[in-house]
Amino acid sequence: AGDTITYAVSAMDRAGNESQKTTGLRITMPSSLSKVFNGEFDNDLKGWNLSLFSTEASATMKIDATSVISGLSSCAVEISKVSGTDWHIELWQWLSIHQGRKYTITFKAKASSSKVITLGVQQASSPYTGYLYKQHTLTTEVQTFTDTVLINTTDQAKLEFFLGSSTTSVW
């Protein structure tokens, strides 16, 4: 099932004359659309950002074609120094959200040692309303995580992974 949209369609000839409109063209859009850009990192790091919010935190990100989780490559974030606050190191991208929609976020991840990360969907500007915060424990094996959130507003948000809980590498 999905959303059905009906359009009236007409054509225009070279002289600018419009044809009679159709009674309606029905298009059914899938109920599930991928909104994440470059989710499998097949287009390098395009669309993704690594932000550090403390001088006590240090991390780098790169494309890793040797530890592929899905697609052609993976993003590897090497965390070398933490401040003790998980959101001081964030891997994120912009996400447009819409009121009354349910979002399902599925991702695959692993770490070089056991590590807790937090998946967040958060308003992109002050007051930084949190729509979803969910902790997950990564292991050295690839795991699939799925979380859902019902959004109560239309907004520009950030899909983010808070990675600053401990020093390790995350894919």
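Each reported figure results from applying straightforward, stated rules to the coordinates on display, with no laboratory input. Note that the structure is a prediction, hence the values are computed from the model and not measured. Counting neighbours? That spans all protein chains shown, and the Cβs are built from the backbone with ideal geometry, glycine included.
Can you pick out the pairs among LYS62/LYS108; LYS115/LYS158; LYS81/LYS134; LYS35/LYS115; LYS134/LYS158 whose Cα atoms lie more than 20 Å from each other?
LYS115/LYS158; LYS81/LYS134; LYS35/LYS115, as the Cα separations exceed 20 Å there.
Which value results for Rg/Rh of the stretch 114-158 when Rg is the Cα radius of gyration and Rh the Kirkwood radius based on the inverse mean 1/r? Show your work: numbers first, answer last.
Working: Rg = 12.8 Å, Rh = 12.0 Å.
For the stretch 114-158, the value is 1.07.
In the stretch 20-171, what is the volume of the convex hull around the alpha carbon atoms, normalised per residue and reported in Å³?
With only Cα atoms used, the stretch 20-171 gives 141 Å³ per residue.
Please compute the length gained on full extension between THR85 and ASN17, using 0.36 nm multiplied by the number of residues separating them and subtracting their Cα-Cα distance.
18.0 nm
Whole-Hz ³J(HN,Hα) for each residue in the stretch 103-117, computed from phi via Karplus 6.51 cos²θ - 1.76 cosθ + 1.60 with θ = phi - 60°, x for glycine and proline: what do you get?
10, 10, 10, 10, 9, 10, 7, 8, 9, 6, 8, 3, 8, 9, 10
Ranked highest first by average number of other Cβ atoms within 10 Å, how do 71-79, 38-46 line up?
71-79, 38-46
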